[in-house]
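The values are calculated or read from the model by the stated rules, or taken from the named source; none is laboratory data. Nothing here was measured: the structure is a model prediction, and the numbers come from that model. Only protein heavy atoms, including side chains, enter the accessible area calculation; ligands, DNA and RNA are left aside. Shrake-Rupley method; radii C 1.70, N 1.55, O 1.52, S 1.80 Å.
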Amino acid sequence: MIRSELLQALARDNPELRAEEVEQVVDTFFNEIAERLAEGGRVELRGFGAFSTREREARQGRNPRTGEPVDVPAKRVPYFKPGKEMRNALNS
């Protein structure tokens, strides 16, 4: 599902909301998750899963086109751990 499909599904399920309101809700939801992760926090949605960040150490990579070694700096990356209900739904 892409963002536009999500907006359409929410608008269909909530006909009392205008399209702009649905888009504002989705934007706010994603922005709040991104802001919390940027602060180093964690976002837990019971029954769905938890978003957090993981540290990646600096490493020596390789340019796939030329094969030359490239220094890859340390960074934080987003991580998602599905909740128990999500895992059960996927495996039933």
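Below is a table of values for the structure above.
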{"quantity": "Average accessible area per residue (Å²) across the chain - probe 1.4 Å, nucleic acids and ligands excluded", "calculated": "84"}
{"quantity": "Over the chain: helical MRE at 222 nm, DSSP H runs n ≥ 4 each giving -39500 (n - 2.57), nearest 500", "calculated": "-13000 deg cm²/dmol"}
{"quantity": "Identified option (computed log10 I(q)/I(0) by the Debye sum over Cα atoms at q = 0.17 Å⁻¹; candidates (i) -0.71; (ii) -0.77; (iii) -0.94)", "calculated": "(iii)"}
{"quantity": "The chain: angle of helix 3-13 to the longest principal axis, Cα-based, in degrees nearest 10", "calculated": "20"}
{"quantity": "With every protein chain in place, the chain: carbon and sulfur % of accessible area (1.4 Å)", "calculated": "51"}
{"quantity": "Max mean-square fluctuation residue, GNM over the chain, Cα-Cα springs under 10 Å, options GLY40, GLY67, GLY49", "calculated": "GLY67"}
{"quantity": "Table column - 3J(HN,Hα) (Hz), segment 16-30, Karplus curve with 6.51, -1.76, 1.60, x for Gly and Pro", "calculated": "6, 9, 6, 4, 5, 5, 4, 5, 5, 4, 5, 4, 4, 4, 5"}
{"quantity": "Taking the chain and dividing mean pair separation by its residue count, relative contact order in percent (alpha carbons under 8 Å, at least six apart)", "calculated": "21"}
{"quantity": "For segment 39-45, 3J(HN,Hα) per residue [Karplus equation, 6.51 cos²θ - 1.76 cosθ + 1.60, θ = phi - 60°, Hz, x = Gly/Pro]", "calculated": "7, x, x, 9, 10, 10, 10"}
{"quantity": "Placed amide H near PHE48: partners under 5 Å, 5+ positions off or other chain", "calculated": "GLY83"}
{"quantity": "Separation of alpha-carbon centers, segment 35-81 and segment 1-26, rounded to whole Å", "calculated": "29"}
{"quantity": "From phi via Karplus (6.51, -1.76, 1.60), per-residue ³J(HN,Hα) for segment 70-78 in Hz, x at Gly/Pro", "calculated": "9, 7, 10, x, 5, 7, 9, 10, x"}
